[in-house]
């Protein structure tokens with residue numbers, strides 16, 4: 001396919017909930033998930049929110065709703081998961097998306113080597129641009145020294161900063177305007193959510209790529225799936 005630009009989600013693509021934040025309440029509840037189980041739990045929690053019968057969580061309850069499925073995927077029993085999720089939401093006091101995916105940096109460098117305009121479009125809390133820079137994942141040039149190993153991006157958009165959140169297509173249009181690229185199917189958006197990323201990209205007239213490592217997508221027809229960010233360069237090079 002011809003590809004003119006690539007946009008990426010942050011959470012579930014580049015960043016994940018920090019294990020040092022998530023593990024203490026899980027361990028206190030008698031659970032002992034390892035890092036691969038925590039990653040799988042994230043994708044499971046996102047897929048349940050994508051089910052047609054799932055109501056869109058309110059802004060102040062999204063994290064608790066996410067955690068209810070997350071803790072079950074970490075081994076919590078159905079009878080205890082709601083209480084554990086509520087306790088975790090209170091103890092954590094925020095999202096804590098500061099764990100870089102184990103293969104994210106290398107995959108992002110390979111994507112950057114394609115030489116295409118790149119951007120991040122994230123539903124976040126106003127911190128995503130600073131965290132991506134601090135963690136050495138990617139950055140937008142702003143006169144400061146470039147972080148070691150970080151990939152230069154044309155734009156990093158945070159819904160809390162711009163006032164528009166996915167799936168509203170407006171946030172994608174802002175990103176593409178910043179990159180100087182028209183909104184059409186030559187633009188790829190890579191995300192982990194059917195509700196926010198796939199639906200938003202389609203509404204914006206660009207091509208969604210669903211990062212779905214475990215095949216959890218409840219409605220897989222009609223959009224591209226990948227199991228790893230490392231597949232993107234080959235996908236972009238496919239005739």
Legend entry - Residue within segment 73-88 that is in contact (Cβ under 8 Å) with a residue 60 or more places away in the chain and surrounded by 14 or more Cβ atoms within 10 Å (Cβ to Cβ) present: yes
Inset, instruction - Could you pull out every one of the helices (runs of 4 or more DSSP H) wholly within segment 70-177 that has 1 or more residues that are touching a strand residue (DSSP E or B) at 6+ places or on another chain (Cβ under 6 Å), in the same structural domain as residue 10 (by TED's automatic domain parsing) and at negative phi? - result: 104-112, 128-134
Legend entry - Single residue of segment 11-31 satisfying the filter (part of a loop (DSSP other than H, G, I, E, B) and in contact (Cβ under 8 Å) with a residue 24 or more places away in the chain) that is farthest from residue 104 (Cα to Cα): 29
Legend entry - Matching option when the condition is out of contact with any strand residue (DSSP E or B) (no Cβ under 8 Å at 6 or more places or on another chain) and farther than 22 Å from residue 213 by Cβ, among 31, 27: 27
Legend entry - segment 198-223, residues that are closer than 19 Å to residue 103 by Cβ and not in a loop (DSSP other than H, G, I, E, B): 209, 210, 211
Inset, instruction - With the condition kept exactly as written, say whether any residue in segment 37-44 is over 21 Å from residue 212 (Cα atoms) and surrounded by 16 or more Cβ atoms within 10 Å (Cβ to Cβ). - result: no
Legend entry - Residues satisfying the stated conditions in segment 33-60, i.e. modelled with pLDDT of 95 or more and not in a helix (DSSP H, G or I): 33, 34
Legend entry - Exclusive hit being over 21 Å from residue 224 (Cβ atoms), crowded, with 23+ Cβ neighbours inside 10 Å and at pLDDT 95 or above, set 121, 156: 156
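For every residue, the table says whether it meets (1) over 22 Å from residue 129 (Cα atoms); (2) in contact (Cβ under 8 Å) with a residue 12 or more places away in the chain; (3) crowded, with 19+ Cβ neighbours inside 10 Å.
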site	(1), (2), (3)
178	no, yes, no
181	no, yes, yes
188	no, yes, yes
193	no, yes, yes
205	yes, yes, no
214	yes, yes, no
224	yes, yes, no
227	yes, yes, no
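The values are calculated or read from the model by the stated rules, or taken from the named source; none is laboratory data. Everything numeric here is computed off the predicted structure, so don't read it as measured data. Every residue, glycine as well, gets a Cβ built from its backbone with ideal geometry; the counts of neighbours run over all protein chains shown.
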